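Worksheet: one structure, shown below.
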Amino acid sequence: MTKHVKKHFLLSTVLFSLLLISCLYSFLSTSVYAAEPDVQDKTIAILDEVVGVNTAEYVTSLDSLSDKQFHSLPQKEAYITLASAEGRLGVRTSFLNNNLRRIYISYSKLPVEYPAVDTTVGMAKGFLESYQNYTGESFYGELESMLDGVDATKNTTKSAGNIKLTVSNTHQKNVNYVWTYTDENGIIARSKNVILSYERGRLKTFTNNWPLYTVAGTPKISGEEATEIAIEATKNYSYEVSTENGALTVTGFEIAPESLGHEVLGYLNNPDPSLARGGDPFTLYPSWYVPIGFVKSYPGAVTGIRVTVWADTGEVSITEPMVVNLFSETPADEEAIKDGFNQCSTMLAVPIAITALFSVFGVAVVSRKKVKFAGSRKLFPRLWATLMCGILFSAVLFSVVMVATPPVAAMVNPNSKADIYAAYDTNPPQIDSEKKAANNVTSYIIDYFF
């Protein structure tokens, strides 16, 4: 075998192997998708019967299908594309217990005329009526009736029985309709909800967590009692930080009196089954969330403590520190960041290595000889071929550098007293200046980009 023939044989072998791998991957992917036609069929049925999309006018394709978990329960997720001459829809659905939990719709290249915001009330009523017919559940008719008399141009709240409706309008562009479970005293079980979101008059998201959760237990202790229990838990609380001289145990915290009195009562549970009360994250119990701030920042940038107290038993369920990352200290979630970085690097390693290998191989080949294309007598100049391969290799190298860029923690004045003591609705609140700044930033983004 001549040297010239050997080169062509080697190149043909490499290209054939690459083609074979691609075909095998496509075959396996198609086999997986073909094994679950019901997910795609259900999505199409919901689009036709509930959302009101005539899918017959679109070319439909299943782009991805995956098995995931939602608080330990198996959940199937699918992404479907619907394309036509007028535009394109991207639809992502999640099914749990064989029922729709969420649908998210993105719109591309559709007419720019947007329906008026106030028309979303009628759209929401129509959606819920269709969903009631689709599921046979009268509950969604109750949600629909709560929309009677609602003005979508204004923020509104109303209650009926154990259901609280909150209508929020953002800059007359986005409208959210949220139905949340409340007990007879108005205490909210925030996880047990139904959400309809509209963006510029078009349906964006439907989320249905209501049938997943069960509310149990009755609150028996007051907020003041829960705070006293939390203070006692703080006295016994300690944590360790690593120093140059070894581990340091930190205890004896001084509580800032102005941080007290912001406890919040709600129904909740830990989403992790191994940590959830009763081992079931979908059973919600009454719980006091008690945030306590300290007068200073302790080693490790700990500025306070969060204590969760079961309102029906008075037992402490969770005690965790409030941490503000300092520029000179290791972020509290550094290990999580490292894990995510390593995972991303591993996922990118194979395609990057293959691309780099072929880039170098291409440079070596075209540097020695001009490349001749089939069906053409023109020869591709060696200089341009080398340049293109060099650009490709540089792009790969740049992607590796971008992936390897480490995160940097924000700088915080270590001598300042923590202002983020309290937490309303289980989230740390902002001081007035932070709220104003956040509103200004979000308003600018919405006005500029949307």
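The values are calculated or read from the model by the stated rules, or taken from the named source; none is laboratory data. Values in this document were obtained by computation on a predicted structure and should not be read as measured data. Cβ coordinates were reconstructed from backbone atoms using ideal geometry, including for glycine residues, and neighbour counts include every protein chain displayed.
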Report summary line: Pro115 vs (1) crowded, with 18+ Cβ neighbours inside 10 Å; (2) modelled with pLDDT under 90: all pass except (1)
Report summary line: Matching residues in segment 261-285 (more than 18 Å from Ile187 (Cβ to Cβ) and aliphatic (A, V, I, L, M)) number 2
Report summary line: Note on Ala152: of the conditions (1) touching a helix residue (DSSP H, G or I) at 6+ places or on another chain (Cβ under 6 Å); (2) small (Gly, Ala, Ser); (3) exposed (fewer than 15 other Cβ atoms within 10 Å of the Cβ), unmet is (3)
Report summary line: Among (1) within 14 Å of Ile163 (Cβ to Cβ); (2) surrounded by fewer than 19 Cβ atoms within 10 Å (Cβ to Cβ), Ala189 falls short only on (2)
Report summary line: When (1) within 14 Å of Trp310 (Cβ to Cβ); (2) in contact (Cβ under 8 Å) with a residue 40 or more places away in the chain are applied to Pro271, the one that fails is (1)
Report task. Would you mention how many residues in segment 213-229 are more than 23 Å from Val290 (Cα to Cα) and surrounded by 18 or more Cβ atoms within 10 Å (Cβ to Cβ)? Result -> 1
Query raised in the report: If you go through segment 248-261 one residue at a time, do you hit one that is in contact (Cβ under 8 Å) with a residue 12 or more places away in the chain and hydroxyl-bearing (Ser, Thr, Tyr)?
Result: yes
Requested in this report: State which residue is nearest to His71 (Cα to Cα) when the search covers only segment 290-322 and only residues that are of a type in the set (Phe, Trp, Tyr) and touching a helix residue (DSSP H, G or I) at 6+ places or on another chain (Cβ under 9 Å).
Outcome: Trp310
Query - Flag for Asp280 being among the charged types (D, E, K, R) and over 20 Å from Ala230 (Cα atoms) - result: yes
Query raised in the report: Of the residues that make up segment 317-325, is at least one assigned to a loop (DSSP other than H, G, I, E, B), within 20 Å of Ser259 (Cβ to Cβ), of a type in the set (A, V, I, L, M, F, W, C) and modelled with pLDDT under 95?
Result: yes
Query - Residue in segment 212-222 that is touching a residue at least 12 places away in the same chain (Cβ under 8 Å), in a helix (DSSP H, G or I) and closer than 30 Å to Phe70 by Cβ present - result: yes
Report summary line: For segment 83-98, the count of residues that are surrounded by 13 or more Cβ atoms within 10 Å (Cβ to Cβ), among the polar types (S, T, N, Q) and without any contact (Cβ under 8 Å) to a residue 40 or more places away in the chain equals 2
**Report entry** segment 237-247, residues that are in contact (Cβ under 8 Å) with a residue 24 or more places away in the chain, in a strand (DSSP E or B) and not β-branched (Val, Ile, Thr)
**Finding:** Tyr239
